[in-house]
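A.B. asks: Following this message is one structure expressed as structure tokens.
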Amino acid sequence: MIKIVFATNNAHKIAEVKAVLGEGYELVTLKEVGITEDIPETGATLDENASLKARYVYNRTGLDCFADDTGLEVEALNGAPGVHSARYATDGHDFKANNRKLLNELQGADNRRARFRTVISLIRGGVEQHVEGIVEGTIAREESGAEGFGYDPLFIPTGHDRSFAEMSAEEKNAISHRGRAVAKLATILQK
Ligand code: ITT
């Protein structure tokens, strides 16, 4: 059994990562290691924020850990919301408001190309390494579906005609940014 702390407060991320890793892993939550405060995410890039979260947990606990930082990068918006994806419309994690803002920003835009990018920072035995997962797609003109979270109702992965929010967790994980990054993480952890 590989025991590792997942430095996130996002329950959707925990469910997705658990499903991809499968048996053989014990994912320890921040609450279980006594970290209840918000970890500052002040970096200018996904790599920096993933590092900040993982290093915070490692410095506090000395335990092997990893953190995921994810952004939606929209071509017509020069890569926005990107590293600001969680707080795009408001200060909090208001998924509905974020999606509304994204649709407004893209009103009338024909180029709707976008990608999700996940960077995972893994600290194992005190050594840090990063893996990345990307999925390309487009931003729909209206929301559809009720699965998943965040921008999923607006994101249609390339080669598909349904949004991530219209897919089962299994379907999303098989092609998603996070699914791909976690598959790489698992390869490293198995070494
Ligand atoms: P932690 O920092 O606690 O892990 P978070 O929700 O703040 O959780 P991020 O900083 O990585 O996570 O924020 C990324 C935001 O991007 C997140 O709040 C969602 O709005 C969105 N997002 C991330 N992964 C997503 C996914 O798989 N599908 C849709 N939206 C996603």
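A.B. asks: Once phi is turned into θ = phi - 60°, what whole-Hz ³J(HN,Hα) does the Karplus curve with 6.51, -1.76 and 1.60 give for every residue of the range 50-61, x standing for Gly and Pro?
C.D. replies: Each residue's phi maps through the Karplus curve to give 4, 4, 4, 5, 5, 5, 4, 5, 5, 5, 7, 10 Hz.
A.B. asks: Applying the Karplus parametrisation 6.51 cos²θ - 1.76 cosθ + 1.60 with θ = phi - 60° to the phi angles of the range 32-42, what ³J(HN,Hα) value in whole Hz is obtained for each residue in order, glycine and proline being reported as x?
C.D. replies: Each residue's phi maps through the Karplus curve to give 5, 9, x, 9, 10, 7, 6, 7, x, 10, 9 Hz.
A.B. asks: Further question: Restricting things to alpha carbons, tell me how big the range 1-90 is in terms of Rg and Dmax, in Å.
C.D. replies: For the range 1-90, the Cα-based Rg and Dmax read 14.2, 45 Å.
A.B. asks: Taking amide H atoms as placed 1.01 Å from N in the peptide plane, list the residues 5 or more away in sequence, or in a different chain, whose amide H sits under 5 Å from that of Glu136.
C.D. replies: Answer set, sorted by chain and number: Thr158.
A.B. asks: While we're on this one: How big is the Rg/Rh ratio for the range 42-133, C-alpha atoms only, Rh by Kirkwood, two decimals?
C.D. replies: Values: Rg = 15.4 Å, Rh = 14.3 Å.
Here the Rg-to-Rh quotient is 1.08.
A.B. asks: So, one more: What GluC sites (Glu not before Pro) does the range 136-191 have in DSSP loop regions with at most 10 other beta carbons within 10 Å? Write down the numbers at each step before the final one.
C.D. replies: Values: sites: Glu136, Glu142, Glu143, Glu147, Glu166, Glu170, Glu171; in loops: Glu142, Glu143, Glu147.
Answer in residue order: Glu142.
A.B. asks: Over the range 96-187, what is the relative contact order in whole percent, taking alpha-carbon pairs under 8 Å and six or more residues apart?
C.D. replies: Answer for the range 96-187 is 27 percent.
A.B. asks: Using Cα atoms only, what is the angle between the long axis of helix 177-190 and the major principal axis of the chain, expressed in degrees (0 to 90) to the nearest 10?
C.D. replies: Computed tilt is about 20 degrees.
A.B. asks: Sticking with this structure for a sec: Which value, in Å³ per residue, describes the convex hull spanned by the Cα atoms of the chain?
C.D. replies: Convex hull of Cα atoms, per residue: 109 Å³.
A.B. asks: Given a 1.4 angstrom probe, I'd like the percentage of the accessible area of the range 60-133 that is carbon and sulfur, rounded to a whole number. Can you show the working numbers first?
C.D. replies: Numbers: 1590 of 3570 Å².
Ligands and nucleic acids excluded, carbon and sulfur reach 44 percent.
A.B. asks: Hey, another quick one. Sorted by mean Cβ packing within 10 Å, highest first, what order do the peptides 1-11, 69-79 take?
C.D. replies: Details: 1-11: 16.7, 69-79: 19.4.
Ranked from most to least packed, the peptides come out as 69-79, 1-11.
A.B. asks: Could you work out [θ]222 nm for the chain from helices alone, using -39500 (n - 2.57) per DSSP H run of at least four and dividing by all its residues? Round to the nearest 500 deg cm²/dmol.
C.D. replies: Per the formula, -9500 deg cm²/dmol.
A.B. asks: Give the Rg/Rh ratio for the range 78-191, taking Rg as the radius of gyration of the Cα atoms and Rh as the Kirkwood radius, to two decimals.
C.D. replies: That ratio equals 1.01.
A.B. asks: Another question, if that's okay. What share of Cα pairs, in percent, lie more than 20 angstrom apart in the range 127-191?
C.D. replies: In whole percent, the long-distance tail amounts to 31.
A.B. asks: While we're here: At a threshold of 8 angstrom on Cα-Cα distance, excluding pairs fewer than six apart, so keeping six or more, what relative contact order does the range 144-186 reach in percent?
C.D. replies: Numbers: 47 pairs, mean separation 13.3, N = 43.
After rounding, I find 31 percent.
A.B. asks: Find out how many positive minus negative residues lie around Val83, taking Lys and Arg as positive, Asp and Glu as negative, among other residues whose Cβ is under 12 Å from that of Val83.
C.D. replies: -3
A.B. asks: Run through the range 5-51 and list the GluC sites (Glu not before Pro) located in a DSSP loop whose Cβ has at most 13 other Cβ atoms within 10 Å.
C.D. replies: Values: sites: Glu16, Glu23, Glu26, Glu32, Glu37, Glu41, Glu48; in loops: Glu23, Glu37, Glu41.
The qualifying sites are Glu23, Glu37.
A.B. asks: Rank His177, Asn78, Ile120 by how far each Cα sits towards the positive end of the charge dipole of the chain (+1 on Lys, Arg Cβ; -1 on Asp, Glu Cβ) and give me just the farthest.
C.D. replies: Ile120
The values are calculated or read from the model by the stated rules, or taken from the named source; none is laboratory data. Every value quoted in this text rests on a predicted model; they were computed, and no experiment measured them. We place every Cβ from the backbone using ideal geometry, glycine too, and count neighbours over all the protein chains shown. SASA here: full protein model, heavy atoms, side chains in, ligands and nucleic acids out. Shrake-Rupley method; radii C 1.70, N 1.55, O 1.52, S 1.80 Å.
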